[in-house]
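The structure appears below as structure tokens.
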Amino acid sequence: MKRSLIYSIIVALIGAGFVASFLFLTREDYGEVKGTVADHLSGEPVREARIVLDGKSTIKYTSTSYSLTEIPPGSHTLKVSAPNYYDFEKPIQVKKGTNVVDIALKGREIPDLQGIIIFTEPEERGVEIEIRFYDSAGEGIVDYPAFPLTMEGALFVREGIGEDYRKGRKLLEGPIELFWDSQEWLAKNKGIIPWDRIKIDAEREKYGILEVVLHTPQGDFEDNSTDVKLSPEVE
Amino acid sequence: MKKSSLFFTLILALLLGLLVSRGLAQAPPIREQLVYSLSVFDGKTYTKGFAPRGEDTIYLIANENNAVSIRYTLVYFWPITARYMAGFKTLNEEVEGTLELLRDGKVIRSLEKEDNVVFYPEGYFAENSKMYLHEEAHAFLQKYEYATKEYYARIDEYYEKTREYREAFEEFLESIGERRKAGEELSRTQVEAQMPKQPSPPEGVRFYTTPVAKDYILNLPQGTYQTRLRARDGTIVQDSQKNLVAFVRRRGGTIGYEITPGNRWTMKESSNDPSKTIYASGKNTLYLRPFLQDEYNDLYYKKLLDPQNVGTSERWIWVHTTPIKNALLDLLSKGKLLERIERAPYYVKQIPGPELGYEILEYKEEEFPERSPSFEGHKLEVSSVSGRGKYDFRLEKGEGEVMDGSEREILFVRKENTNLLHIISIFPLIVGVVVFIQRKRRAS
């Protein structure tokens with residue numbers, strides 16, 4: 001009885017193998033090329049990324065994973081293009097089964113970039129600077145690649161009352177740390193001035209004037225903010 | 001090997017195989033997916049839907065215009081309805097290209113997008129609609145836009161007349177007051193006769209035309225095809241390959257009835273086969289709506305309505321298409337005409353208060369201003385036909401001309417002495433108790 005049970009299990013496993021292999025059989029004749037396509041700096045999805053291989057194509061809008069099926073095994077060239085990114089081309093050797101090719105697209109430009117607008121907000125780490133890009137119609141630019149941008153700025157104490165104000169004591173000058181906020185829709189590029197860089201007399205010096213220059217591959221853009229809250233407590 | 005061992009082995013193999021395949025078919029998370037967005041003719045109107053990647057076949061009624069577009073959207077599985085849902089509000093990107101139609105692996109037609117509208121002659125929520133293409137599409141949209149513009153002009157006029165009416169009414173009240181003060185005696189009838197007439201609001205636009213859309217129009221003879229999208233750069237778009245089945249009705253032009261019972265008006269039933277008897281019980285009112293009907297394959301038709309539906313290819317279903325409006329319903333007993341019932345509109349009035357009920361009233365525009373009828377039909381009162389026995393009804397068009405296939409037999413049964421059935425059901429229990437007592441006695 002024991003022997004026949006072991007025998008039965010072996011036969012059952014072989015049977016299961018047959019069922020499973022039958023499910024895969026048709027897929028095995030071709031190759032599948034899959035992987036991710038993303039912005040090389042931010043790792044975020046690239047809107048309208050068009051992936052072409054051996055007469056087949058697919059477009060990605062909000063997701064990074066792609067898949068092209070039924071590709072004959074052999075040498076092929078994988079081509080990827082997307083608005084505002086450099087074209088990507090890579091010769092690949094497709095084998096039967098799954099072939100993983102991850103693609104990182106490099107940004108070419110921020111479309112129709114005419115200038116920047118900055119907004120500041122006191123956060124836990126320091127003064128956060130939102131950098132918004134605008135186009136020739138004066139509208140905010142939403143879809144754009146990530147770039148290795150740099151920013152310099154100077155922060156002054158704001159003196160005076162109401163609209164009658166002027167630049168006072170210089171609090172700091174120099175490069176400002178930038179970071180990428182993937183949760184944002186309009187202002188993914190942000191800067192931060194840590195609180196420890198802002199030495200103030202908290203009783204008298206509540207607001208500041210910030211002047212910044214953003215260096216981009218498309219030129220330098222300036223803007224300023226005249227109502228920078230100089231401490232996290234200011235309401 | 002013993003027979004039982006072999007059986008055990010086979011069962012185990014099947015179970016393990018199923019486990020492996022189930023692992024492959026696990027519900028995926030939200031995914032960006034290429035889908036076919038559909039606006040298909042279902043025999044009476046246009047139904048919107050989509051075919052996700054998992055559905056490899058699209059079903060259409062042959063020789064009718066059907067609009068198709070190919071889009072990227074977010075698709076997710078909704079366990080409550082066990083269906084894939086599309087998030088068109090979040091992502092809805094149309095893919096440009098040429099839709100290729102293939103038969104036996106050869107491209108037989110390459111389709112470009114065409115202008116189209118769906119025209120609803122009796123309003124958006126009515127039962128019938130028609131698709132128009134090209135210049136006709138624009139003409140029908142213009143017709144609707146013109147009618148809407150005219151309606152708004154009439155509305156402005158109505159507001160102006162209402163304002164004038166209010167002013168005139170106030171003046172009228174003042175003058176009546178002054179005349180009464182002056183000693184003039186005026187009866188209610190006299191006052192009402194001189195009262196300014198309140199303007200009535202203009203009638204809204206009854207028909208509706210959708211905005212002009214650009215889609216691939218599939219109007220195909222009966223058959224099986226394949227379809228795929230060729231992008232502008234000449235590549236085939238991944239996941240755009242689908243099978244396409246254009247099917248026709250098996251039988252058509254016969255008459256079916258939609259039956260609305262008065263005591264549960266939302267639970268409609270139907271009578272599609274003249275050879276089958278309709279059973280009615282108790283005191284009730286039936287509202288009968290005759291339709292021309294077509295018979296379609298169950299699987300094909302259900303998949304047409306929604307590619308994710310399941311159906312049975314061996315079954316056939318009747319689909320009510322065009323309502324028959326200008327006919328009389330004859331009620332007969334043993335060939336003798338008892339009643340000739342006209343089609344009339346009805347309004348379902350909710351009863352206010354804790355009763356949570358409703359009553360069905362004949363719709364009269366003056367009684368229900370600014371409301372539309374809930375339904376139309378031929379009212380057949382069961383109580384009016386003595387409550388028991390066999391009757392026949394049929395449709396009569398024109399001068400005594402009976403419409404073929406409209407005859408039905410209706411059998412009224414009374415719900416009587418139903419308590420007797422409860423007593424009968426207790427009988428085996430009584431027998432059991434008697435047997436139990438007898439055995440107990442014998443044992444003691």
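The values are calculated or read from the model by the stated rules, or taken from the named source; none is laboratory data. Treat the numbers as computed from the prediction; the structure is a model and nothing was measured. For neighbour counting, all protein chains shown are included, and Cβ atoms are generated from backbone atoms with ideal geometry for every residue, glycine included. To get the accessible areas, we keep the full protein, side chains included, count just its heavy atoms, and leave off ligands, DNA and RNA. Shrake-Rupley method; radii C 1.70, N 1.55, O 1.52, S 1.80 Å.
Structural remarks
- Any hit, segment A:76-99, residues being under 17 Å from the mean Cα position of the chain (by Cα) and aromatic (F, W, Y): yes
- In segment B:217-241, the residues that are within 21 Å of B:N116 (Cβ to Cβ) and touching a Lys or Arg at 6+ places or on another chain (Cβ under 6 Å): B:Y225, B:T227, B:S240
- B:P221 satisfies every condition listed in (1) open to solvent by 40 Å² or more (accessible area, probe 1.4 Å); (2) modelled with pLDDT under 95 except (2).
- Test result for B:R230, surrounded by fewer than 20 Cβ atoms within 10 Å (Cβ to Cβ), in a loop (DSSP other than H, G, I, E, B), touching a Gly at 6+ places or on another chain (Cβ under 7 Å) and not assigned by TED's automatic domain parsing to the domain that holds B:P369: no
- Residue match in segment B:39-49 (condition: assigned to a strand (DSSP E or B), at pLDDT 75 or above, within 31 Å of the chain's Cα centre (by Cα) and within 14 Å of chain A (Cβ to nearest Cβ)): no
- Any hit, segment B:152-172, residues being of a type in the set (F, W, Y), assigned to a helix (DSSP H, G or I) and open to solvent by 90 Å² or more (accessible area, probe 1.4 Å): yes
- Residue match in segment B:238-247 (condition: open to solvent by 50 Å² or more (accessible area, probe 1.4 Å) and at pLDDT 95 or above): yes
- Test: residue in segment B:173-195 that is surrounded by 11 or more Cβ atoms within 10 Å (Cβ to Cβ) and acidic (D, E): no
- Of all residues in segment B:55-109, those satisfying the criterion of being in a loop (DSSP other than H, G, I, E, B), within 14 Å of another protein chain (Cβ to nearest Cβ) and not hydroxyl-bearing (S, T, Y) are B:D56, B:G87, B:F88, B:K89, B:L91, B:N92, B:V95, B:E96.
- Flag for B:G17 being more than 23 Å from B:N243 (Cα to Cα) and either assigned to a helix (DSSP H, G or I) or at pLDDT below 95 (or both): yes
- Among the residues here, B:P352 qualifies as under 30 Å from B:P369 (Cα atoms) and not hydrophobic (A, V, I, L, M, F, W, C).
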